[in-house]
Amino acid sequence: MDNQSDSTTSPVVIESNGVPVVMAPRAVSSVASWVGSIETYPQFDAGEEIVQDVATSLLNKGTVRRDRFSLAAELENLGAEISFGSHGTRVHFSGRALSRDVERVLELTAEQLSEPSFDPSEFEKSVQRMRASLRRSLSSTSYRAGAALRGRLFTDAHPNYSRDPAEDLDLVTACTIEQVRAFHKSHFSGQTLAVSAAGDFRAEEFASKVGRIFGGWTGDLQRGLFETAGRIDPDPSPREIDIADRDNLDVRIGHAVDVRRNDPDYLALYLGIFALGGNFSARLMQKVRNEMGLTYGIGSGLVGVDSAYEGMWQVSVTLSRDRFEAGIAATMNEIRRFLEAGVTADELDAKKTTICGSYEVGMSTTRGLAHTLHSNLRSGFPAEYLIEFPEAIRGLTLAQVNEAIRKYLDFDRLRVVLAGSIARA
């Protein structure tokens, strides 16, 4: 039902009542999908992203006009979907419906975004769920290792910074419904709204509906400041987080990178790191797992890179307790060889094929296509970038990729975090 047809139509961009809308009409059995987001700019060093998470979790729990049950019943009757999420400086939403029901489902989306009831009982349930999740995180080797590495590489004013889950647990416990209501009033606004859509509709009609439904939502947007760059951790020693009764250890290795999503070097760096650890045939998996048998899983990628702030290069590896020292040594050796020699011509060709193929598959549904359009829109790319991306990947040269590796990646800046039951002979 959600598969797009073979026909290809160039994306259309229309600004409707102040809202930018980028669309890719497709003949897909009367189905439409859309993705949108607003910039909320929480004050990260004050812990406002926690308040934002709580507020977002309550958007589908009732509005000033109707309770959660009537909302759910209407969506179920329409066979439609609406979801909300919170990440970094943004709150995002997505929806899917039959073309004939698009206007009604967009109206419900706008109502939930702009007029949530923030019912006290639902607030208490949400806080309890978040507290339970954070308590589970305290014993998660993967979560603890990742959070600790991000804590080493960014300040607490950066969107990619992570506290220890015990600190987040304290912030969630201290959160009040008054804080949530105040944050929504001052940070949720249609001033920064953007929407992308794909499916069976006429572009002009869809954009007109978005403009009519969302265009009047202004709000008093307060922009919290945030750091845009990572930091260099001066302490080169590994950090160990002991978690009792864990058979495996999770290891995170990485450093911040001075690149953003819309920088000219981004694609070359992305492809190079993908060759190191982006999929099963990448170098780390082939050497450390397949040849040496030292790990259950290993990979590498760019994490948290945005058009508004920098992210990080991260290597993730899972190791058994009795082989973690050998596993870390083998991983570091392979990273060093990669940084010294760079990507080979064969690796370059193979990864171009993989990345472009995965991109095409990701756009094979209206949902995936809408997400791609929105990511491009928020990164500041023109609508045509949807079509230009694969050609940009195919056009990368070996010299460009290896120059990006040399320019942005530094073995001596790598920092290591281990989490688990660390036993040494």
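The values are calculated or read from the model by the stated rules, or taken from the named source; none is laboratory data. Everything numeric in this text was worked out from a predicted model, so none of it was measured. As a convention, Cβ positions derive from the backbone with ideal geometry for all residues, glycine included, and neighbour counts pool all protein chains shown.
Quick look at the values:
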quantity	calculated
Residue within segment 235-251 that is under 24 Å from the mean Cα position of the chain (by Cα) and surrounded by 17 or more Cβ atoms within 10 Å (Cβ to Cβ) present	yes
Ala268 vs. criteria modelled with pLDDT under 95, small (Gly, Ala, Ser) and either over 19 Å from Ile328 (Cβ atoms) or assigned to a loop (DSSP other than H, G, I, E, B) (or both)	no
Glu347 vs. criteria touching a residue at least 40 places away in the same chain (Cβ under 8 Å), surrounded by fewer than 20 Cβ atoms within 10 Å (Cβ to Cβ), assigned by TED's automatic domain parsing to the domain that holds Gly277 and acidic (Asp, Glu)	no
Members of segment 285-305 found to be farther than 19 Å from Leu409 by Cβ, of a type outside the set (A, V, I, L, M, F, W, C) and either in contact with a Pro (Cβ under 7 Å, 6 or more places away or on another chain) or touching a residue at least 24 places away in the same chain (Cβ under 8 Å) (or both), listed by number	Thr295, Tyr296
All positions within segment 99-132 that are within 14 Å of Phe206 (Cβ to Cβ) and of a type outside the set (A, V, I, L, M)	Ser99, Arg100, Asp101, Glu103, Arg104, Glu107, Thr109
Number of positions in segment 219-256 that are touching a helix residue (DSSP H, G or I) at 6+ places or on another chain (Cβ under 9 Å), part of a loop (DSSP other than H, G, I, E, B) and within 20 Å of Ala326 (Cβ to Cβ)	3
Qualifying positions in segment 370-410 - of a type in the set (Gly, Ala, Ser) and either in contact with a Lys or Arg (Cβ under 8 Å, 6 or more places away or on another chain) or not in a helix (DSSP H, G or I) (or both)	Ser379, Gly380, Ala383, Gly395
Options Leu113, Leu78, Leu98: the member that is touching a residue at least 24 places away in the same chain (Cβ under 8 Å) and surrounded by 19 or more Cβ atoms within 10 Å (Cβ to Cβ)	Leu113
Scan of segment 371-396 for residues that are farther than 30 Å from Gly85 by Cβ and either in contact (Cβ under 8 Å) with a residue 24 or more places away in the chain or in contact with a Cys (Cβ under 6 Å, 6 or more places away or on another chain) (or both), ordered by number	Arg394, Leu396
Matching residues, segment 304-344, being β-branched (Val, Ile, Thr) and part of a helix (DSSP H, G or I)	Ile328, Thr331, Ile335
Matching option when the condition is crowded, with 22+ Cβ neighbours inside 10 Å and modelled with pLDDT under 95, among Phe274, Phe324	Phe324
Residue match in segment 49-58 (condition: more than 30 Å from Phe226 (Cβ to Cβ), in the same structural domain as Asp200 (by TED's automatic domain parsing) and not aliphatic (A, V, I, L, M))	no
Residue list for segment 231-267, filter: closer than 30 Å to Tyr385 by Cα and either in contact with a His (Cβ under 7 Å, 6 or more places away or on another chain) or aliphatic (A, V, I, L, M) (or both)	Ala256, Val257, Val259, Leu267
For Lys287: the one exception among (1) surrounded by 17 or more Cβ atoms within 10 Å (Cβ to Cβ); (2) basic (Lys, Arg); (3) not in a helix (DSSP H, G or I)	(3)
Some residue of segment 290-303 being hydroxyl-bearing (Ser, Thr, Tyr), part of a loop (DSSP other than H, G, I, E, B), more than 18 Å from the chain's Cα centre (by Cα) and surrounded by fewer than 22 Cβ atoms within 10 Å (Cβ to Cβ)	yes
The lone exception for Ala419 - which of (1) assigned to a helix (DSSP H, G or I); (2) in contact with a helix residue (DSSP H, G or I) (Cβ under 9 Å, 6 or more places away or on another chain); (3) farther than 30 Å from Glu81 by Cα it fails	(1)
Any helices (runs of 4 or more DSSP H) falling wholly within segment 100-218 and containing at least 1 residues that are assigned by TED's automatic domain parsing to the domain that holds Val19, among the hydroxyl-bearing types (Ser, Thr, Tyr) and under 29 Å from Ala244 (Cα atoms)	120-137, 141-153, 165-174
Tally of residues being surrounded by fewer than 21 Cβ atoms within 10 Å (Cβ to Cβ) and over 24 Å from the mean Cα position of the chain (by Cα) across segment 29-62	2
Qualifying position, being touching a Pro at 6+ places or on another chain (Cβ under 7 Å) and of a type in the set (A, V, I, L, M), among Ala198, Ala182, Ala203, Ala207	Ala203
Residue in segment 143-164 that is in contact with a Gly (Cβ under 8 Å, 6 or more places away or on another chain), closer than 30 Å to Ser421 by Cα and acidic (Asp, Glu) present	yes
